[in-house]
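All of the numbers you see were taken from the coordinates with simple rules; none came from a lab. Model, not experiment: these values are computed from the prediction. Cβ coordinates were reconstructed from backbone atoms using ideal geometry, including for glycine residues, and neighbour counts include every protein chain displayed.
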Amino acid sequence: MKKNQKTLIRHNMIYQRLNQGETVNVKALAEEFDVGIRTMQKDMNERLSVIYDIENLGQGNYRFSKHHRFVGAGDENESIAISLMKELQHSAIPEMDTYIDAALPTSSNYDEIFVFGMHFEAIEDIESF
């Protein structure tokens with residue numbers, strides 16, 4: 001397995017734990033993933049915290065801010081489904097955006113939680129449909 005694949009898997013597993021409300025510790029993660037503590041600190045402080053709203057609790061402990069996790073999205077597939085539904089809703093009825101935004105929790109990284117700007121192609125002109 002290539003180094004970038006291992007990094008991606010490591011980041012995904014850390015994200016899943018944080019998204020489940022867990023507090024993670026860099027020393028324990030370094031041992032589990034067989035990397036140095038400095039690598040895990042860099043993951044948390046320079047890589048993941050740039051994308052996600054992660055709190056540094058001190059002593060190597062980190063967690064998502066309470067307002068970050070989308071309540072009800074238990075796993076990555078549900079988060080993707082919510083992102084797709086929001087984008088489809090915007091494409092179909094943009095006037096509903098304010099109601100959808102009010103129904104979803106707010107976060108300082110709201111745009112990074114959801115996938116926006118997918119620009120779906122119109123299918124009404126495709127013969128197979």
* Could you check the simple spin-label distance between residue 7 and residue 42, using points 7 Å along Cα→Cβ, in nm with one decimal? => 0.8
* Asked: Kirkwood Rh, the stretch 1-61, all Cα pairs: how many Å?
  -> 11.7
